[in-house]
Each structure stands twice: as structure tokens, then as C-alpha cells.
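The next block holds one structure in the form of C-alpha cells; read it before the comments.
The values are calculated or read from the model by the stated rules, or taken from the named source; none is laboratory data. Quick caveat: nothing in here was measured; it's all calculated off a predicted structure. Backbone-built Cβ (ideal geometry, glycine too); neighbour counts: all protein chains shown.
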Amino acid sequence: MKKIFAILLLSILVLNGYSQAAVNDTVKEVLEAHEGKLNALDERVLVNEADLAKLNKIKISGYVQTQWEYYQADLVKKNEPTNTFYIRRARVKFTYEPADGVKFVLQPDFSTGNLSLKDAYAVVNLPRLSGWALWAGQFNRPDYEVEFSSGQREVLERSRVIRAIYPGEREIGAKIEYSGTSTPVLFQLMAMNGNFTGSQAKDADSRKDIMARFVYMAKIPSAGIGLDLGVNGYFGGTRAKSNKYVSDSEGVLDSITVGDYLNKRWFGAEARLFADVLGGMAIKTEYISGINSSTSATALKSDPNKTRNFRGYYIYLVKNIGNRNQFVARYDYYDPNTKLSGDAAKSDVSYATWTLAWQYYLNDYIRISLNYEMPRNEKNSTITDVAGTPGVQLKDNTVGVRIQAKF
Amino acid sequence: MKKNKYYVAILMIAILLAGSSFTQETKITVKGSDTMVILAQKWAELYMKTNKSTVIQVTGGGSGVGITALINGTTDICDASRPMKPSEIEKLKARYNTLGVEIPCAKDGVTIFLNEANKVNELTLKQLSDIYTGKIRNWKEVGGDDADIRLYGRENSSGTYAYLRDEVVKADYAASVQSLPGTAAVVNAVKKDVNGIGYGGAAYAVGVKHALVKKDAGSKAYAPTPETIAKNEYPITRYLYMYLRTRPSGETKKYVDWILGPEGQNIVTQVGYFPVR
């Protein structure tokens, strides 16, 4: 009996050993098969990650601004509408960053009837010079209100002086910029053609215009106060190609030598105060004064036929109310000819404009702006109202409502 | 009877209002640095235990992601393992007309991870810069074996990435750096790679060797320990920050004050970082 029991026990142990070995083999095979699958998956993930990493280097952003405007009487010609819907801007910005410190940007504008290239530039961080970057291509001129994106700006349009001296905001050229990390300064130096208005691909003269800007950004963190103080300057000229006479600021015709460069030179001072007072608040201002040379039109490709001493400034008061609302008041002034006034100034009419605005940020993507602009013109006989009466204060206020969607 | 109905209705409204006031929750969102995510989660967990009416939601993604969220208004607090860049402050100014509020809440030593089999034990800041810019490509150039150096690092949304680049590398990283999502992934990569080098917060460094770091060839080399970091002896010591859009008020202020208080700072030590107070 004992023998039988021992044989049975032995058989069970042997069989169990065999079956255990068989199970181990099977588990091993399954594990190997899974390991193979995991390795294959690993490889696929690596390939996908590499592809994704390439895609991550491309960023697409943009915004569409749909606007409704209502015009006061003197802005409405006979049989013209008093109000309109239109697409103010429809921009898509493509940014490609192939490596650290290298960036390419392309930004077309698709607004109705106005397909144009806004930005096309490359930015490269200068090696071994921390904070320094070189820009080349078509991009904003170095000025605070010019560089302040229209997608962010608190009122619908820039100040009149900025629109007059920097038409189209952009220029074609190269810029060196220093943005300090330990020292809170910004320095920009740009060489440019100096006559870009949105359509001229090449320079109209051989000399390049220079712009320089320096800003110091002081702050008192404990008080939540920041103060930016800066200066800027424009040093350039426009070549007289065939005009022998140029009208100066006082309207006197000066004879010049064909080929002379007429002055285009101005200086600016800027200040911005930011304060954390029951939410954010800012007062922002810039004053610019100098001499500009141009034709009667804004395009400078044709011969300049006048030089004008001008001055202008703007001042903003911006108050954030909670995270979603913002109240804005702006006063801006532009005198295109400081030497003459009244009837003597002819078409060089000065304007002082009040703009009141309210912004509502519905969410991260949608902003609704209500804007009321009240320009006050200098009275002279070249200004006529809709009825043809000269020398009047025009009724030319504008109400604007804008919905901006960005992505 | 009609009067009674009114009383019942008034009573029910009163109960509902009282109930809603009792159950009113304050939600605080925290987003940003992956280096700080464990610390931020611990803070939130403990704070919520004693402040039942406050819900704190913590997510990582990197300092850059947190700062973008702060600018876009999608987070109340941004955790960042690097100071905000001037360009980011400009964006805050443009949108909120404030400079943001910077609150240093912990100290950290950026640790240089080496594989345990690597012969190299210490590196100067210059050597680190040369390694990460690709000037030094072989371990034998810094006293190790004749083998190519394999570089691991973080994605450019990481504050540690930006901090090391700005304060140590002082130039753009070499294109050969393999970007990994999170310090844990960097540690893991170096653990598996004898010739690997990586960097990250001290709290993550498990299973790899910490390189001793010295300012220059003539200086003493230091390991990232609580003492060396507290005394600023370890050359890659940095602050970890919380950023807010405006000066905090209400429950957010209470939470920030708690973090800077003894309880919050005690958690800093527990997680492996170093207190600021």
C-alpha cells in the first residue's frame, strides 16, 4: 500500500513538474511575443513622437475682427450709407521655430478686398550675446503703439499721429533688438527702406532710414507699480527725384537740387505707468515732434514736394474691471504743420480726438469692443461739412462695435 | 391655510438659500511647472483637508504653459520654476495692465543627473555649458570614458529648461538634446543610458547619480543638499515661484499666506525642496 502511495505521489510530482515546465515555456513564449509587440509599439511611438516634434515647431494663430460702424452726418456723402458691417482684419500667423532662438513668421491678412502680406520675417538670437536678437524682413517699426498688436489694443484704431508717420505700421529692413533679462531695458535699432506703405517691394532711394528706441522699465513690486520710460528717434530722408521746388512748413517754395534728400527726422518720448489698484490700471503716453517730407499723398515712391514740421501725442487711461471688462479713454492730438494754423495751414488741419471704449472679454477667444471716437478738427476754409459750408467743426464722430475672435 | 402655504414657501426658500450658502465652494486653479507639480498637489491636498469649502485644482504642463494660462486668464495661480521673461510681463501688461505678482515659495537646486556607471563625478558651470551647447561631445574631455555624450533635457515649455539655458548654458542648446516630457522621463533616460546626462529638480532624482557642480575649475564642488542650497553654495540654486495677475485677495490670499506659513513651508521640505522662510 505504501509502495502504491509512493508511486502515485512520485507520478503526481513528475507530472506536475512536466506541466509546470510546460506552463513556464508557454508563459515565456507569451512574454516574448508581448515583448516583441511592445518593442514594435515603442518604435512606432518613437516615429510618431519625432513627427509630432516637427509639427510642434509650427504654430498657427490668428484673429478675425468683424466690425459695425455708424457715421455721423459729415462722414456720410450723398447717397452713401450711414453704417456698415465690414471685416477690419482677418489674419493668420504662421510661426515656425526650427531650433532654439530661430523663428520665422509669415502673416497674411485676408480681409475682404484687401489680401495683403503683413509680416514676413526671421528672428535669430545672436549667439553668445544673451538677450540680443537680429530681425530681418517685413515687420512693425519700433514704436510702442505700432508694435502693440491690434488684437490686443484697447481702442479700434491707433492714434492719428502714429497712423500719419508710420503708414501701414510695417517696414522692410533689419533690426537689432536687446531685451534685458537682468537689466530691465529694451533697445531697438532698425535700418529700413523708409517708404513702405504696404505695396512697395523695393526702396525708392539709396539711403536707408534708421530708427532707434530705448526703454527703461522700472518697477516697485511691493506696490504693484511699473513705470516704463523711453525715447525714440527716426533719422531718414526722402530723395527728390525731379522736383526742383519744395514747399516748406510756412508754405514757401524753396528751390533744391534734384537728387537732394529732404529731411525726415523726429524724436519721441514715451511713458507708461502700470498700477495694481483694485485690478490693473495704466496711463500710457507718447509725444513725437519733428520734420517729415512727403508728397501730398501718403505714398512716398513719387517725388517729395513738401517738408512739414509736425507734432503729435496720445494719452491713454485704461482701467481693468475684473478679469473680463476694461474701460478706456484716449486723447490724441496731431498737427501736421506746426508753423501754420487756421486758413493759412490749408489742408494741414490739426485734429484732437477723444476716444472712449469698453472691452468685454467673453472668454479666451472672443472680445467685444464698443468704441466712440470724437475727432475735433482745426477750423479752416478747406474743411467743409456735408452741406458745403466751410470752416466748421465737422460732425464726424464714429460709433464702432467690434467682435474679435482669435485662435 | 393660505397663509400657512406662504410660510412654508418662505421657509423652504430660506432653507435653500442657507443650504446654498453652506455649500458654496471657492475654486482656485493652479497650473504650470512640472518640477513643482508634486509640491503643488501636496499643498492643495493638505489645504483642502482643513478648508473644506475650497477646491484647488492643480495641473502641470510646464512653467511656460502656466504663464500662458495666467495671461489668458485660465488659471488663478501659475507655478513657475523660472522667473517670468520680460516678453511675458509685457503680455500681462498689455492684457491686465499689471506686472503680475511674483511670490518665491520654495528653493531648489537644479540637479545634474549622471548614470551611476559614469566615471565623471563633478563638472564646472563652463563644462556644463559646453556640454549642452555641443562644444564638448565626449566624456573623456571632462575626465570620463572615451564615449559620446548623450544629452537629455526638457521641452521648451519647461521652466527648468529655460532656467538652465539662461543661467548656466547662456546660449541656445545643441540641436542634439533629446527633449523629454517631464523630469521623471529625464531621470529614467539617464538611468538607462551609461553615457547620458540630464537635468531637473532635486525632488525627482532617484536611481541616478548627482554630479557635483563647481563654479569654476578652482572652486569647491558641491552636491545639491539642503545645506548647500540653503547657503546658496550649490551653484545652480534657484527659487520656485507662484505668479498671480493681481495682488491676491479673498481665498486665494488665504491660500498663498498658508503656503508661505509654517505648514506650507514644512511641506516644501517633505517633498524634497527647500523652504524660503
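Residue-level check: of (1) at pLDDT 95 or above; (2) within 19 Å of residue A:175 (Cα to Cα), residue A:91 misses just (2).
Could you tell me whether the range A:273-289 includes any residue that is modelled with pLDDT under 95, closer than 24 Å to residue A:177 by Cα and either more than 14 Å from every other protein chain (Cβ to nearest Cβ) or surrounded by fewer than 16 Cβ atoms within 10 Å (Cβ to Cβ) (or both)? No: zero hits.
Residue B:152 meets all of the listed conditions (1) free of Cβ contacts under 8 Å to residues at least 60 places away in the same chain; (2) assigned to a helix (DSSP H, G or I); (3) within 26 Å of the chain's Cα centre (by Cα) but one, namely (2).
Residues are listed down the side, and each one gets a yes or a no for (1) in the same structural domain as residue A:334 (by TED's automatic domain parsing); (2) closer than 30 Å to residue A:327 by Cβ; (3) assigned to a loop (DSSP other than H, G, I, E, B):
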| site | (1), (2), (3) |
| --- | --- |
| A:246 | yes, no, no |
| A:249 | yes, no, yes |
| A:257 | yes, no, yes |
| A:262 | yes, no, no |
| A:265 | yes, no, no |
| A:268 | yes, yes, no |
| A:272 | yes, yes, no |
| A:275 | yes, yes, no |
| A:281 | yes, yes, no |
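Per-residue answers, yes or no, for (1) touching a helix residue (DSSP H, G or I) at 6+ places or on another chain (Cβ under 6 Å); (2) within 11 Å of chain A (Cβ to nearest Cβ):
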{"site": "B:135", "(1), (2)": "no, no"}
{"site": "B:138", "(1), (2)": "no, no"}
{"site": "B:145", "(1), (2)": "yes, no"}
{"site": "B:161", "(1), (2)": "no, yes"}
{"site": "B:166", "(1), (2)": "no, yes"}
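Residues in the range B:97-126 that are in contact with a Ser or Thr (Cβ under 9 Å, 6 or more places away or on another chain) and either basic (Lys, Arg) or free of Cβ contacts under 8 Å to residues at least 12 places away in the same chain (or both): B:107 alone. The condition of being exposed (fewer than 15 other Cβ atoms within 10 Å of the Cβ), among the polar types (S, T, N, Q) and within 14 Å of chain B (Cβ to nearest Cβ) holds for only one of A:182, A:255, that being A:182.
When only residues in the range A:193-245 that are under 30 Å from residue A:279 (Cα atoms) and charged (D, E, K, R) count, which is farthest from the other protein chains (Cβ to nearest Cβ)? Here the answer is A:213.
Annotation: residue A:111 fulfils all but one of (1) over 20 Å from residue A:405 (Cβ atoms); (2) touching a residue at least 12 places away in the same chain (Cβ under 8 Å); (3) small (Gly, Ala, Ser); the unmet one is (1).
The set of residues in the range B:87-135 that are assigned to a helix (DSSP H, G or I) and within 19 Å of residue B:220 (Cα to Cα) comprises B:125, B:126, B:127, B:128, B:129. Go through the residues of the range B:192-208 one by one and say whether even a single one is part of a helix (DSSP H, G or I) and more than 22 Å from the chain's Cα centre (by Cα). Looking for residues that are part of a helix (DSSP H, G or I) and more than 22 Å from the chain's Cα centre (by Cα), one finds at least one in the range B:192-208, hence yes. Of all residues in the range A:186-224, those that are within 17 Å of the chain's Cα centre (by Cα) and either among the β-branched types (Val, Ile, Thr) or at pLDDT below 85 (or both) total 3.
Considering A:93, A:59, which residue is within 14 Å of chain B (Cβ to nearest Cβ) and under 18 Å from the mean Cα position of the chain (by Cα)?
Details: A:93 fails: within 14 Å of chain B (Cβ to nearest Cβ).
None of the other options fit; the residue is A:59.
Just so you know, in the range B:180-191 the residues that are within 14 Å of chain A (Cβ to nearest Cβ) and either within 17 Å of the chain's Cα centre (by Cα) or in contact (Cβ under 8 Å) with a residue 40 or more places away in the chain (or both) include one that is surrounded by the most Cβ atoms within 10 Å (Cβ to Cβ), and it is B:180. Residue-level check: of (1) more than 14 Å from every other protein chain (Cβ to nearest Cβ); (2) part of a strand (DSSP E or B); (3) out of contact with any Phe, Trp or Tyr (no Cβ under 9 Å at 6 or more places or on another chain), residue B:58 misses just (3). Here the range A:368-395 is the region considered, the condition is being at pLDDT below 95 and among the β-branched types (Val, Ile, Thr), and the residue that is nearest to the chain's Cα centre (by Cα) is A:383.
With respect to residue A:370, is the statement that it is farther than 26 Å from residue A:232 by Cα, of a type in the set (A, V, I, L, M), in a strand (DSSP E or B) and out of contact with any His (no Cβ under 7 Å at 6 or more places or on another chain) true?
Working: farther than 26 Å from residue A:232 by Cα: yes; of a type in the set (A, V, I, L, M): yes; in a strand (DSSP E or B): yes; out of contact with any His (no Cβ under 7 Å at 6 or more places or on another chain): yes.
So residue A:370 fits the description; yes.
The criterion of at least 1 residues that are within 29 Å of residue B:83 (Cβ to Cβ), within 16 Å of the chain's Cα centre (by Cα) and of a type in the set (A, V, I, L, M, F, W, C) is met by the following strands (runs of 3 or more DSSP E) wholly inside the range A:114-185: A:116-125, A:132-140. Any chance the range A:151-170 includes a residue that's within 14 Å of chain B (Cβ to nearest Cβ), surrounded by fewer than 18 Cβ atoms within 10 Å (Cβ to Cβ) and not charged (D, E, K, R)? So far as the range A:151-170 goes, yes, one or more of its residues are within 14 Å of chain B (Cβ to nearest Cβ), surrounded by fewer than 18 Cβ atoms within 10 Å (Cβ to Cβ) and not charged (D, E, K, R).
Residues in the range B:80-104 that are closer than 17 Å to residue B:253 by Cβ and buried (at least 23 other Cβ atoms within 10 Å of the Cβ) were compared, and the one that is farthest from the other protein chains (Cβ to nearest Cβ) is B:100. Considering only the range B:229-243, I want to know if a residue exists there that is among the β-branched types (Val, Ile, Thr), more than 16 Å from residue B:108 (Cβ to Cβ) and in contact with a helix residue (DSSP H, G or I) (Cβ under 7 Å, 6 or more places away or on another chain). No, the range B:229-243 contains no residue that is among the β-branched types (Val, Ile, Thr), more than 16 Å from residue B:108 (Cβ to Cβ) and in contact with a helix residue (DSSP H, G or I) (Cβ under 7 Å, 6 or more places away or on another chain). So residue A:354 clears everything in (1) away from chain B (no Cβ under 11 Å); (2) of a type in the set (A, V, I, L, M, F, W, C); (3) touching a helix residue (DSSP H, G or I) at 6+ places or on another chain (Cβ under 8 Å); (4) over 30 Å from residue A:253 (Cβ atoms) except one condition, right? Which one? For residue A:354, the failing item is (3). Could you please tell me which pairs satisfy a Cβ distance under 8 Å, a separation of 6+ or placement on different chains, a first residue in the range A:164-176 that is in the same structural domain as residue A:347 (by TED's automatic domain parsing) and among the small types (Gly, Ala, Ser), and a second residue that is surrounded by fewer than 20 Cβ atoms within 10 Å (Cβ to Cβ) and not in a loop (DSSP other than H, G, I, E, B)? Going by the 8 Å Cβ cut-off, the qualifying pairs are A:173/A:136; A:173/A:191; A:174/A:134; A:174/A:136; A:174/A:191. Residue count for the range A:30-79 satisfying the condition of being under 30 Å from residue A:372 (Cα atoms) and either touching a strand residue (DSSP E or B) at 6+ places or on another chain (Cβ under 8 Å) or of a type in the set (Lys, Arg) (or both): 15.
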